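The values are calculated or read from the model by the stated rules, or taken from the named source; none is laboratory data. Source: prediction; values computed, not measured. Because the Cβ atoms are built from the backbone with ideal geometry, glycine has one as well, and the counts that use them run over all protein chains shown. We work out accessible area using only protein heavy atoms, side chains counted, and drop any ligands, DNA or RNA first. Shrake-Rupley method; radii C 1.70, N 1.55, O 1.52, S 1.80 Å.
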Amino acid sequence: MRIAVLNRDICQPEKCALSPAKPCIKHCPVCRTGTEVITLEDDGFPYLHENLCTGCGMCVKKCPFHCYTIVNVPDQLKKDRTHRYAPDGFSLFRMLSPKNGKVLGVIGQNGIGKSTALKILAGEIKMNLGKFKELGDELPTWDDIITYFRGSELQAFLENLKGRTQKVVYKPQNITEIPEKVSGKVGVILKKIDERNAYDWIIPALSLDKVVDREVSVLSGGELQRFAIAAAILRDSFCYLFDEPTSFLDVAERLKMAEAIRNLSQQNKTVVVVEHDLAILDYLSDFVCLLYGSAGAYGIISHPHGVRVGINTYLGGYIRDENMRFREQAIEFHTRPPQESMFSTGNLLFEYPDMVKTLGDFKLTVYGGEIHAGEVIGILGPNGIGKTTFINLIANEIKPDHGTVDIKDLKIALKPQYFTGEENTKVEDILRKIKISTEFAATYKRRILDNFELNRLADRPLNELSGGELQRVKIAECLTTPADIYLIDEPSAFLDVEMRLRAAMVIRRSVEEIKKCAFVVEHDIISQDFISDSLLVFEGTPGINGLTTPPQDLRSGMNQFLNNMDITFRRDPTTGRPRVNKKGSKLDSYQKSINEYYYVPKKGED
């Protein structure tokens, strides 16, 4: 079965040739024979007639905006198509099957249909089973949809959805729009919507004690995320849907969030969670569904798997029970810290002194350290502890009260935590600067552009990019700016599992290749493990005081940080993937007793 997709979000027909013969039409071999495979609609957009397409791919090659995708999928999937946005739009095959009293985790790359599936379960989108009036089809009714899933676990769920006998609570992916729709103090709003009499429990459970008297409009990203999660949990429903609940949260907050969500399943509620942090997804899920396919073209939902098997299957890229390979190479993890420390092998590039900085009621104390050529220092610590303040001190964006940062002739490149897309700037403007720069080798620039898949975004304005797309552009722009010190704040935010691990490897290899250095703030433990040579750990009381130790090796840094968090990680025996231990378990107690919170030595190792 052939799927031909036109992405209207990036199609710009007015910028193609002024004549009716657009490049896609002009170069299509079938169109040139007189058969109208691609026609122009009244709105000026082309329309691709999928049943007439031969799959030659000429429109894919000739379209200047990379709007077309043509792929072949197994014929047996034709009967499994559950929704399609347009006759030549994105297709979703199969559907998530929530389980009563269980947490269903969902994993997959961005643009593959995860949010679409959640919106269907939330009742925001009604499945059309791939049928359209313009194709002569009769649109399915609710009874048709329920009959389609008859005999499956989804049947009872859809019957509830049809009759609206019970509502579904949906925590959306994009929380930045909440202040535009909700106003008032956090505590007042949460008390007002508390339908489960759980207010007194949820406030301390999600560490919202200090923000109950604040206006929603002034909340930080992490506070807004916890507010949104609390608002969802306080509603009374049979089903709860959470789309990327870890965004903006630190490690401790992520685990608290996971405990709060698991509490719902223990009360016999149905829960579905889309998440890119593998450690947290593993920790809170009972089952896992994988989504694979072609981003922006189609997505296939796998059958539910056990958590460990499901995540390992996703990392391996091969689904055995479906005989389907969706990734050429498996994602692998190293199970021990690097044996050689950069402290002794790299040339000293930069040394910073002891510093003190006071911002309002918050005080940050920094113990001096040094960084070497080719070294990446990872920065770990809870939110509100001064990590971004430290980055700004090193960048000379702010001045310390005591101590002086002397960067001499060193150049600084900064990728900030929060950023917006400039309205009058296109991705191609940034790509042009990257490509004509002479400071970097062509292979270096090509590796960054290819890994972040930026050429496909060339004609998009920055202010129209998604959070993940804009993140990739900003990281690439930072890494291709000539500098001696790279300051990168939360590079994994908004990125899916594959892209955040790819970003970690790109940052790691780029710094090694150009023999410069980098400080990287990151909350995803697995990504930080990929990136860092050494660690800078922040301690203290969030919002009141912060204290940094000098940089230390990975084992010592991880032990110190996770000891502060009271968390231990074990390793999956198949993939080496880090997994959170349950607090008080036998392995958790053992690792704490030998002070190995992350890198557990094998038998016979020191």
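Table for the structure above
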read-out: Test for residue 82: is it more than 28 Å from residue 455 (Cβ to Cβ), outside any loop (DSSP other than H, G, I, E, B) and at pLDDT 85 or above; value: yes
read-out: Selection count where residues are farther than 14 Å from residue 526 by Cβ and either of a type in the set (Ser, Thr, Tyr) or surrounded by 18 or more Cβ atoms within 10 Å (Cβ to Cβ) (or both), scope the stretch 566-579; value: 2
read-out: Within the stretch 282-331, tally of residues that are among the acidic types (Asp, Glu) and at pLDDT 90 or above; value: 2
read-out: Residue, nearest to residue 70 (Cα to Cα), within the stretch 9-22, restricted to residues that are out of contact with any Gly (no Cβ under 8 Å at 6 or more places or on another chain), of a type outside the set (A, V, I, L, M, F, W, C) and surrounded by fewer than 17 Cβ atoms within 10 Å (Cβ to Cβ); value: 9
read-out: The stretch 194-243 - residue that is of a type in the set (Val, Ile, Thr) and touching a Phe, Trp or Tyr at 6+ places or on another chain (Cβ under 9 Å) and, of those, nearest to residue 177 (Cα to Cα); value: 216
read-out: Of residues in the stretch 221-248 being touching a His at 6+ places or on another chain (Cβ under 9 Å) and either modelled with pLDDT of 90 or more or acidic (Asp, Glu) (or both), the one nearest to residue 542 (Cα to Cα); value: 246
read-out: Which numbered condition residue 41 fails, given (1) in contact with a strand residue (DSSP E or B) (Cβ under 8 Å, 6 or more places away or on another chain); (2) over 23 Å from residue 465 (Cα atoms); (3) among the charged types (D, E, K, R); (4) crowded, with 16+ Cβ neighbours inside 10 Å; value: (4)
read-out: When residues of the stretch 399-424 are limited to those that are under 17 Å from residue 354 (Cα atoms) and at pLDDT 90 or above, the one farthest from the chain's Cα centre (by Cα); value: 401
read-out: Subset of the stretch 534-553 [open to solvent by less than 40 Å² (accessible area, probe 1.4 Å), modelled with pLDDT of 90 or more and not small (Gly, Ala, Ser)]; value: 535, 536, 537, 538, 548, 551, 552
read-out: Selection from the stretch 128-154 of residues that are assigned to a loop (DSSP other than H, G, I, E, B), exposed (fewer than 12 other Cβ atoms within 10 Å of the Cβ) and charged (D, E, K, R); value: 138, 150
read-out: Enumeration of residues in the stretch 57-79 that are under 20 Å from residue 456 (Cα atoms), over 27 Å from the mean Cα position of the chain (by Cα) and open to solvent by 40 Å² or more (accessible area, probe 1.4 Å); value: 58, 60, 61, 62, 64
read-out: Check on residue 125, touching a Gly at 6+ places or on another chain (Cβ under 6 Å) and either open to solvent by 30 Å² or more (accessible area, probe 1.4 Å) or in a loop (DSSP other than H, G, I, E, B) (or both); value: no
read-out: Residue identified as of a type in the set (Val, Ile, Thr) and touching an Asp or Glu at 6+ places or on another chain (Cβ under 8 Å) among 5, 71, 30; value: 5
read-out: Sole exception among (1) more than 25 Å from the chain's Cα centre (by Cα); (2) surrounded by 14 or more Cβ atoms within 10 Å (Cβ to Cβ); (3) farther than 18 Å from residue 564 by Cβ; (4) not polar (S, T, N, Q) for residue 376, by number; value: (1)
read-out: Enumeration of residues in the stretch 441-456 that are touching a residue at least 40 places away in the same chain (Cβ under 8 Å) and crowded, with 19+ Cβ neighbours inside 10 Å; value: 448, 452
read-out: Subset of the stretch 161-183 [part of a helix (DSSP H, G or I) and more than 31 Å from the chain's Cα centre (by Cα)]; value: 162, 163
read-out: Unmet criterion (only one of (1) touching a residue at least 40 places away in the same chain (Cβ under 8 Å); (2) of a type outside the set (S, T, N, Q); (3) assigned to a loop (DSSP other than H, G, I, E, B)) for residue 70; value: (3)
read-out: Filter pass, residue 368 being touching a residue at least 40 places away in the same chain (Cβ under 8 Å), over 30 Å from the mean Cα position of the chain (by Cα) and closer than 20 Å to residue 484 by Cα; value: yes
read-out: Complete set of residues in the stretch 1-58 that are part of a loop (DSSP other than H, G, I, E, B), within 29 Å of residue 93 (Cα to Cα) and among the hydrophobic types (A, V, I, L, M, F, W, C); value: 1, 10, 11, 28, 37, 45, 53, 56
read-out: Extreme residue, nearest to residue 459 (Cα to Cα), among residues of the stretch 80-97 that are open to solvent by 10 Å² or more (accessible area, probe 1.4 Å) and touching a helix residue (DSSP H, G or I) at 6+ places or on another chain (Cβ under 7 Å); value: 87
read-out: Which listed residue is more than 26 Å from residue 107 (Cβ to Cβ) and either of a type in the set (A, V, I, L, M) or open to solvent by less than 10 Å² (accessible area, probe 1.4 Å) (or both), from 261, 178, 193; value: 193
read-out: Test: residue in the stretch 418-432 that is part of a helix (DSSP H, G or I), open to solvent by less than 80 Å² (accessible area, probe 1.4 Å), more than 17 Å from residue 484 (Cβ to Cβ) and in contact with a helix residue (DSSP H, G or I) (Cβ under 6 Å, 6 or more places away or on another chain); value: yes
